[in-house]
Every structure is written in structure tokens, then in C-alpha cells.
């Protein structure tokens, strides 16, 4: 089973065996971080990072990943790239992708809400790059999915629950109020990969905060295939009952895009009214001594209380570290020498 | 013949033997890209890239070049550099260049139309850096010349025509209408290096789009020295007759600078009226089954039709790739350990 | 004596033995720059550079330092980082520092006057990072101190006076008028490290340009401990008498912060009136054939005349180069594998 040359836009596009191969390699790369075992994997190779949206964490972990494999990641901002659009002359994505394929071993792309006109446009852009590039396209978070985060989440569960014990555990994917109007991408990736690996999934959120129905349908199908349960709740208390893993995170309302653009201020105002939607110690008491996880950065005091985020059941820093390991594994298997 | 320490502002400043040495090494570097033959050439050395104007392609290829030679290229934007100007206090170029010579093995500089007040100022800036730096200054495209593009073009001809067959072939350097108000640099470099290597050169463009008379004079002198022809045409059809290589590209009118600044909007409006100046399949039929080339990014539908740009006679992606190889060769021979 | 894991916010926080260890290693690293002796010290490690304020020189020298040690420095601008502030939601420094500690071997931070509301806030920010990070925090210049510059200055004196001859020499730290409203950080670091290494120190400046009294108190204590003299002068001529080293540099008035922000224009206007405060050849004649030094970039014609800055007693380029060597030594000893 070779992953060489494969694009990664969503974990759901890959088989469970392929995802497991990434996670196993990520675990070994964590152990062998400073040995020479993987020191030449990207020897002198270049990985392009395209940040339509800036990001510190994602940039740090991808650039460090390339460095640790002996290669180099270039930080590129497409604002200095004259791409053809409906409104302006410029280069086609075909031309850009074909030339970049001559220089690099892979391309990461990040594009979120405020850089697109409607949900789905980011995914379409990545798909177009994938069509023309001869080298792998990896999502560094886009409007629909965030596969590297999903894999880092799952590596965290393997570490703290045990690889063989993840199946059958219950994930609570719960909305948190917050001032940052988050993308759906991390949350949608989380329920897909968790259901794919055999977890029960409960989505809990205030009425109206439904995410992409296509993703919900896929998640349900994953649960059915594994004989597991998918549930929806609008109760910020009872949804915690019996959870083994709590993943609390703000996400935006579907309406936020309705006027053809991303209206952050309006979205934050609406979200802040639901201030009973916060993961705190009392709610965590209803769980099965659940782990707490979050993709970071955390909006403490809104999405989750300080006490929970900094508790000994919180695995947030380990999951953040895992971004490095899974990204190294992805690069090694899809782009390696 | 050592090239160690030489500046490269224009291919015309170097001898034909020196240029050929670069091209021969570039060809070998293409073959040996991932072997260890050149893996230590810039071992732990730093190359500074100074982008007065941003660029994705040039940055990608220079940074990848340094990485592939075992070194590292730093992406620098002089906006964060307090240089002394007529209007403001700051550091002299002498001080900046002398200090940078202590840190790095070479400096690339890119400065185009919109960052200068008049044609020639960019070249003057590079010359001033070259006067004070103890390390090579390499143009990454400036208002007058683009030597790395010129060398990449020629490497493309060596690949597709054969090194020994370039002499005597006819280059058509033809203006294309377009919405991007291009610099003269790639075009001027192209006619200089082509005539230097013994090609016939035809410059074709609408009346008024003359380029730098000094460059034309040098090109004519090159042609004469080689016993070849230099011609000018203002006919967008007949200029194609008998061409072996067609290089279609927009370039701006000399007037664009006349008010002391670079007036892009006015220039684009004027250029778009000449919509019969496009390289298309019908015109290409007049040629000697010519190769099509372009420095990219291409303004498809204006400078050239999709059909020609994507035809099997188009060598645009190979030429773009050659940027990497010639830049590695330049770094190796002028800055290598 | 291990320096592994130590933060470096000011040279005064370290013992003389620790500072000497850095300088000795820096001298050896200068000699062995291109041998393999130190080629693996940061092998595949990542160093984060956080530029709240941009800088060309500091960025060039830190990034080159990491490259020469086999590692890689990432250029990061916190404007793309959503940190929590009094006014806006975002990530806490604790969370940011804990995650970065999982990715990198060290963090450099630069924050100067115009990015803070009052003198001391930058130092507080660095201290907060140091509290939560598991990896060393290194100042790349902040409002109070500039330890890497201080060490580079001292390495310059070791080179040009001799390590054993620095003690007992007289440093003139003299204000120069200028159009750039400089920070106190280089000057404060200079008088601290010079007095720490046993020099006499004279601070000379127009009335009103006092720096941080806490730094002056520490400098006096250093002088006393070494049996040396600390003097203050407001005479731009006689202050030069008997100096062995002249360090001429503009620094801002304490009032510049008084309205809660950094008022550069007002500061420059006030400074430019003191145009007899320039280091020139006549004044240098009063010295003991003093060396001239400056942290660069130099505002020639204001802080110092061209003749002095370019004289054979000027060590400015050597000191600039030393930034590279001392930063390599700091990285090696505090962060090395």
C-alpha cells in the first residue's frame, strides 16, 4: 500500500488502513524525533505552504515538520501571486500548479471563511489545484475540512485511550460560545474521523448551528458501518452524559455566509448570547471521566473554562504537538524521497 | 575560468564562454538533481533575496535552488529596512551591503516598474549594491534586465533544438496585448542572449512600443558580430514568417513612465486596444513549426491563445523549471564553497 | 556550568563566567565557521523568531545563525497570531508558549517602542513568555535590553583591545542627534555589560536625556564592584577626554512615552536641535586614540560623521558580524542538541 502522490483534502477520502498507516508512522516519528531514522526523508526537498489565510500554529508545525525531515517549507502568501479570477487578469491555477510541480515535492493550502464568498469555494480551489498538480496537495485547513487536525486528534486518543480502545468510546462534539467565529473545518473533520474509527458521536449545539448536511450524512454512514450511534442534542447539560471524550469548540452559524460574504461581527454577537454553552467542571462531572480536547487556539472563558482546559484530563498540548508528527508522516508517505 | 565573486546584472556583461559554463552546469544539475553530487555546494550558506517587488515564481525557484544546494535563502522585503533616501534618514547602501557581506554568500535583488520613479533607477540601485558588496549581486529581475530568465530561455532552446543548432535559428520576439503591463526586463534580456548565441532576431510590436535603444543597439551589434540579421516589424501577421522560436509577451509603452511614475491603468487601457496582437494557431502556421516560449505567468487569451500555450510545441513549463537549474548553477559558480 | 535551557533577556541576569563562556565560544565559532565542528549543533531544530517589530539586520543574523548550525529559524510576525489582549479575545501567552515549546528549541522575541504603550511593557511580555515556555526565550531587542548586541559589542572589544585588556579601559557612551528616535535598549545593554567586564563608563548626553534609573543604578553597582568609575557628562566636547572606546548613538527622551504612546515625530524634532552632539574627527582627537563603535544602522551625518564611521579605528562592521557569532554561541549553549 503506497501513499506516494496522494492528495489529502479530507481523511474521509482515504481508507482506514491508509489513515492508520499515517498514525502508526506518526507515533514512531514521535519516538525517533531526534534520531537519524527519518533525517533524510525530505532531503533538500521543498514543500510550498500557501496561506490564503495566515496562521501561526499551522505554519509553525508544517515548517518544523519539513525541517525535521531534512527538507524546507516555503512560507508563501498568494496575495503576491497574480492568479486569474473572474474580476482580474492573471495566471490560471493550471499554469501555477504545473510550474510548482517542477519545483516542489508537495503543496499545502490554507483558505478559510473570510477569503471566500461562500462555503465550499475553498474546497473547490483545493480540488482544482489537485487536478493539475503532479505533486500532492495537502489541506492546511480549508472551509470544509482539516485533515491534519483530525489525524492529530486521533493520535491523541491513541496515546491517551490506547489504539485498540478507541472503538466504542463516545465522543461529545459540543458547540462553545466564543468571540472568534470559528470555521466548521476542524469540527467536521473530527466527527468524520472519529466515526470512521468506530466511536459513538454526539453533536450538541444550540438550535440553528447545524453544519454541512453532507458531512452529517457521511458521519452517520460511518457510524452505521461500525454499528455505532450518532446522536444530536440541543441540551448543553445532558449532552455530556456518558462521554469519554469532550471536544468543545465554537463554530459559526450557517447564516454567516448568506449575504455572499463572511460577516464575523454579526456572528460573534449572536454566538455570545448562548453563554450557557461553555464546557466547565460541573458539566464534565456528567461524563465518564472524559478527556478534554480542542484544536487550539482556545478562547478560554467562552468555549471552555480555565479549570477544564488546564485539568489533568486535558490533552490539548499533546494534540497540538501531534500536528507536527502527523504532518511529518503525511509528508514522508506522500512526498518522501 | 573562475566565476567566483562575479555579479550578474545582465547576461551581456558576461562572455559567451561564461554563459555557456552556467548552462552546461545547469544541464548537469537537472540530471543530478537528487544525487549527492551538488548536495554540499552551499552547505549551511545563506543567500539573501531582496524583494522590493513581490514575486511567487522567482521566490519559489530561488529559495528551492538554495535548499537543493544545501544552503538557505532568506526572503527579505526591504520595506522593513530603513535605507537612506533623498527624503528620509536611514542606512546607506554602503553600510547595508558591507554588513550583509559578513552574513551571506550572495544577494538577489528584484525591483520593478512600480517601485521606481523612472526607467533605469532599478539598475542603478543594483549597481550601487554591487559596488559595495563583497559578495555577488544577482538580479532577480529589475527594470532593465532579467538574466536568470534569459539563461532559462536559452537552456530551453538547448533542450528542444540542441545546443549546437541554436546558432542561425530565428527568434520572433513579439508583443502581445494584455492586462498586466509587463516590464521590459525579460524581453530585453531575451533579445540580448539570443543574439549573443547567434540567432536571427525579429522584434515585432505596434508602433510606439519601442524598448530601450541602448539594448537594441547592443542586440544589433551581437547580430552583426555573429553574421546574423536583426529586423523590426509592425505587422502582427507577417512577422511570424519563418520563425523557429516564438516568444510572445506583453510589454509596456515607453510613455508609461513619463509622468515620473508608473501608470499601470492607463497602460493597460492602451494595450488592450491592440487586440489583434495575440499569438494564435493561425499565426503559428506561418512559422517554421516554431517552438512557443514565454517567461510566465501567462495572460492567456491576451498574450497567447490557450491552444498555442498548451500545444505540444510549447516549452513554457520546461523553461519555468530551468529557472531553478540556472539559478543553482549561478549560485554554485559565483558563491559556492 | 551548563547554560542549557536558560533565558536571555539581559546580560546582567547572567554571571560573568556565563557571559565569558558565550564570548569564547563565539570566537571559536568565528574561526571554525565553515568547518564541520559546529555543523550539527542545531541539527534539524527549529528556532522561532517573533518580530513584533520588523528588522532586517536582526532577522538576517539570527536566521543565518540557525542555518550555520544545521537548524532553521522561522520568521514569524505576531500580527497573524490571535493573542488575547485586554481589548480582544484570543489565545493566552501561556497556551502559545506551551505549544511552541513542543515544536521548537528556542524563541527569539523583538518588541520595541512603537508596539507598546509604555516603557517596560515589552520586557514584561518577554518575561511572561519565559515564565511559561519550556524552551529558552532570547531577546532580539526589546524596550529595555538588547543582550545579543551587548555581547557582540564586547566580542568586538576582545578582538580589537584583547580580552585581558578590556578591564580598566574607558567607554564613552555618548548621545548623538539623529532622525530615527532610537530605543534605549542597545545603550542600556552596553553600559551594563561594559561595567560588568570592568570598564570605566561615562554617559554623556544633553540635559533631559536620562535613561532608566534602575539601569544606571546597576551600572554604578557594577563599577563599584570592579573598583571602576561611573561618570555623567552634559558636555559634548570634554566627555571625549581620555576615552578608549567611543559608542555614539541617538536615544530618545524619556518624555517620548508620556502620552501613552510613542511619539516619534515630536522626538525627532527635539533631537535634531542638539546638532552639536555628533561624533566627529575633532572630538575623537581628545580621546586615547579610541575605537569607534555603533550597533548599526548608522544615521551618518547626525550620530557620527562619515569620516569617523569609516575610519580605520571604526569597528562597526566587525561588531555587526559578531551578532552572528554570539547568537550562534547562545543558541548552541542554551538550545543545542
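Within the stretch A:317-336, which residues are out of contact with any helix residue (DSSP H, G or I) (no Cβ under 7 Å at 6 or more places or on another chain), within 18 Å of residue A:37 (Cβ to Cβ) and surrounded by fewer than 24 Cβ atoms within 10 Å (Cβ to Cβ)? A:336 - this is the single residue of the stretch A:317-336 that is out of contact with any helix residue (DSSP H, G or I) (no Cβ under 7 Å at 6 or more places or on another chain), within 18 Å of residue A:37 (Cβ to Cβ) and surrounded by fewer than 24 Cβ atoms within 10 Å (Cβ to Cβ). In this structure, residue C:319 does satisfy being under 20 Å from the mean Cα position of the chain (by Cα), touching a residue at least 12 places away in the same chain (Cβ under 8 Å) and part of a helix (DSSP H, G or I). Scanning the stretch A:293-307 for residues that are surrounded by fewer than 24 Cβ atoms within 10 Å (Cβ to Cβ), away from chain C (no Cβ under 11 Å) and touching a strand residue (DSSP E or B) at 6+ places or on another chain (Cβ under 8 Å) yields a count of 1. Being within 14 Å of another protein chain (Cβ to nearest Cβ) and at pLDDT 95 or above is the filter here; which residues of the stretch A:250-271 pass it? Of everything in the stretch A:250-271, just one residue is within 14 Å of another protein chain (Cβ to nearest Cβ) and at pLDDT 95 or above, namely A:250. Scanning the stretch A:190-213 for residues that are part of a helix (DSSP H, G or I) and surrounded by fewer than 21 Cβ atoms within 10 Å (Cβ to Cβ) returns a single hit, A:213.
The combined condition, being within 28 Å of residue A:119 (Cα to Cα) and either assigned to a helix (DSSP H, G or I) or within 13 Å of chain C (Cβ to nearest Cβ) (or both), is not fulfilled by residue A:332.
Residues of the stretch C:221-238 being in contact (Cβ under 8 Å) with a residue 12 or more places away in the chain and in a helix (DSSP H, G or I), which ones?
C:222, C:223, C:226, C:238
Here is the figure for the stretch B:31-57: residues that are at the interface with chain A (Cβ under 9 Å from one of its Cβ atoms), in contact with a strand residue (DSSP E or B) (Cβ under 7 Å, 6 or more places away or on another chain) and modelled with pLDDT of 95 or more total 0. Go over the candidates A:23, A:3 one by one and state the one that is under 18 Å from residue A:108 (Cα atoms), outside the structural domain of residue A:218 (by TED's automatic domain parsing) and modelled with pLDDT of 95 or more. From the options A:23, A:3, the qualifying one is A:3.
Among the residues of the stretch A:61-71, how many are in contact with a strand residue (DSSP E or B) (Cβ under 8 Å, 6 or more places away or on another chain) and over 13 Å from residue A:108 (Cα atoms)? The number of residues fulfilling the criteria is 4. Among the conditions (1) within 14 Å of chain B (Cβ to nearest Cβ); (2) under 20 Å from residue C:286 (Cβ atoms), the only one that residue C:170 does not satisfy is (1). Restricting attention to the stretch A:25-57, the residues that are surrounded by fewer than 22 Cβ atoms within 10 Å (Cβ to Cβ), touching a helix residue (DSSP H, G or I) at 6+ places or on another chain (Cβ under 6 Å) and in a helix (DSSP H, G or I) total 2.
Just one residue in the set B:303, B:269 is in the same structural domain as residue B:159 (by TED's automatic domain parsing) and either under 22 Å from the mean Cα position of the chain (by Cα) or under 24 Å from residue B:201 (Cβ atoms) (or both); that residue is B:303.
What's the total number of residues in the stretch A:280-291 that are without any contact (Cβ under 8 Å) to a residue 60 or more places away in the chain and crowded, with 21+ Cβ neighbours inside 10 Å?
Residues meeting the conditions: 2.
Against the condition free of Cβ contacts under 8 Å to residues at least 60 places away in the same chain and within 19 Å of the chain's Cα centre (by Cα), how does residue B:77 come out, does it pass? No; evaluated as a whole, the condition is false for this residue.
Of everything in the stretch A:179-194, what is in contact with a helix residue (DSSP H, G or I) (Cβ under 7 Å, 6 or more places away or on another chain), within 14 Å of chain C (Cβ to nearest Cβ) and on the phi < 0 side of the Ramachandran plot? Give them in sequence order. Answer for the stretch A:179-194, where residues must be in contact with a helix residue (DSSP H, G or I) (Cβ under 7 Å, 6 or more places away or on another chain), within 14 Å of chain C (Cβ to nearest Cβ) and on the phi < 0 side of the Ramachandran plot: A:179, A:183. Screening residue A:312 against (1) buried (at least 17 other Cβ atoms within 10 Å of the Cβ); (2) free of Cβ contacts under 8 Å to residues at least 24 places away in the same chain leaves a single unmet condition, (1).
Working only within the stretch A:58-75, note down all residues that are assigned to a helix (DSSP H, G or I) and either facing chain C (nearest Cβ under 7 Å) or surrounded by 24 or more Cβ atoms within 10 Å (Cβ to Cβ) (or both). Spell out how you get there, then give the answer.
Narrowing the stretch A:58-75 to residues assigned to a helix (DSSP H, G or I): A:58-68.
Within the stretch A:58-75, A:60, A:61, A:62, A:63, A:64, A:65, A:66, A:67, A:68 meet the criteria.
Scanning the stretch B:258-279 for residues that are surrounded by 14 or more Cβ atoms within 10 Å (Cβ to Cβ) and assigned to a loop (DSSP other than H, G, I, E, B) yields B:262, B:263, B:274, B:277, B:278.
The values are calculated or read from the model by the stated rules, or taken from the named source; none is laboratory data. Note that this is a predicted model, so its numbers are computed, not measured. Note that we place each Cβ from the backbone using ideal geometry, even for glycine, and neighbour counts take in every protein chain shown.
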